[in-house]
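Every number in this text was worked out from the coordinates using simple rules, so none of it is lab data. Keep in mind it's a predicted model, so treat the numbers as computed, not measured. Using ideal geometry, Cβ is built from the backbone for each residue, glycine included, and neighbour counts are taken over all protein chains shown.
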């Protein structure tokens with residue numbers, strides 16, 4: 001239940017009910033988030049490579065649970081249930097399957113055959129977590145508690161990044177987890193004389209992706225979730241904001257700016273003023289406490305940058321591949337990093353899944369963005385009403401940063417994008433009812 005600070009008096013929000021005993025889909029999703037953000041992203045089951053991340057394997061189990069739940073129901077509701085997010089996901093899965101068939105019809109080298117099969121597993125994992133979040137979260141109270149857990153994990157994720165920034169130590173690089181092998185990346189990098197934090201991510205881009213997607217949700221809970229303790233509400237906001245500013249990453253700055261721009265219209269003038277003053281104060285503190293950081297950040301957005309040149313030089317390569325397989329692509333996952341690193345998931349998708357696949361991928365965050373903006377007017381309580389813009393901002397930040405690196409090849413990035421899209425589906429489903437459906 002939501003409670004106010006002071007005397008521990010329960011205050012039940014409209015549309016909430018007591019939770020039935022035992023674990024539910026929200027509990028499963030909480031475990032998924034723990035696996036996603038606590039276990040280093042470059043750890044996986046060696047035999048499965050990129051598809052062997054513990055969180056991805058857990059998401060496959062979630063997909064099987066979702067399928068079994070609906071298969072054994074005496075009165076199926078999927079056909080009559082209007083759920084735009086689920087429809088967008090099914091279009092994406094259909095495009096991935098069509099791309100898989102197109103790739104399997106060609107003569108592929110062994111490396112591409114393996115990548116094609118693992119790519120299908122990655123799609124299934126993303127689908128599993130989105131569907132479970134969309135259809136399984138039982139009610140509004142459980143949605144809020146799951147978001148609190150996500151923000152707490154995000155705050156701890158950012159705190160680890162800050163510790164790495166100031167000490168120059170990874171703390172997770174040599175962590176040994178039985179049954180899991182260490183893949184590429186995972187070591188701290190340097191830019192402009194500063195450590196580039198990664199927390200448990202594979203590289204700074206995935207780290208920035210997670211920060212940018214969690215921040216708007218953390219901000220909204222900090223402002224409106226009066227049932228949570230003050231320190232727990234603002235700890236994620238503080239650590240994530242500082243971590244993003246000290247990440248020495250264009251992606252983190254751009255992602256945060258995108259999220260804030262989406263949130264601004266939903267804030268009152270007083271909140272906007274306080275946010276502006278806090279931003280100025282934060283920049284001032286960083287200017288004094290971390291000499292050279294502000295100048296380094298300014299330098300990221302000017303001058304000649306090899307990473308930007310590499311991205312723009314890839315357009316001709318992409319064009320030549322797309323001309324060979326324009327509609328369905330060459331097969332999801334078959335454009336290997338050994339061929340060329342494009343640092344743009346949309347371009348990779350255009351090659352792997354063709355024009356239809358690119359449209360299908362873009363449809364998932366686009367539909368999620370639209371439905372939460374439309375659904376927010378159905379909620380009267382301030383916290384729930386403001387969750388709409390927060391989810392939209394989170395999804396927008398993720399969608400923009402997906403164009404900055406091969407996001408679907410990184411477990412934390414892909415998991416966060418489809419998880420938040422699933423939360424958008426849950427928010428839409430609960431707009432006219434208590435959302436009492438429960439997976440058990």
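Numbers at a glance
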quantity	calculated
Gap separating the Cα centres of segment 261-295 and segment 34-60, nearest whole Å	35 Å
Protection-proxy order for peptides 291-299, 125-133, each taking the mean of Cβ atoms within 10 Å per residue, highest first	125-133, 291-299
As computed over segment 23-429, the Cα convex hull volume per residue (Å³)	146 Å³
Segment 313-392 versus segment 177-222: alpha-carbon centroid distance in Å	21 Å
Residues 409, 197, 176, sorted so that the one with the fewest Cβ neighbours within 10 Å comes first	176, 409, 197
Stretch gain in nm, segment residue 231-residue 278, where the contour uses 0.36 nm per residue and the Cα spacing is subtracted	15.2 nm
Most to least packed among 258-267, 164-173 [average Cβ atoms within 10 Å]	258-267, 164-173
Estimated 222 nm signal from helices in the chain, with DSSP H stretches of n ≥ 4 weighted -39500 (n - 2.57), rounded to 500	-21000 deg cm²/dmol
Relative exposure of 352, 406, judged by other C-beta atoms within 10 Å (fewest first)	406, 352
Relative pair counts by distance (%), Cα atoms of segment 315-440, 5 Å bins	2, 11, 18, 18, 15, 12, 9, 7, 4, 3, 0
Length-normalised contact order of the chain in % [C-alpha pairs under 8 Å, at least 6 apart]	27 percent
Cβ crowding within 10 Å averaged over residues, with 318-331, 137-150 ranked highest first	137-150, 318-331
Sequence-separation-based contact order of segment 172-292, relative, with Cα cut under 8 Å and 6+ spacing, percent	21 percent
Length gained when the stretch residue 73-residue 294 is fully extended (0.36 nm per residue, less Cα-Cα span)	73.8 nm
Extended-chain gain in nm, criterion 0.36 nm per residue less alpha-carbon gap, residue 359 and residue 301	17.9 nm
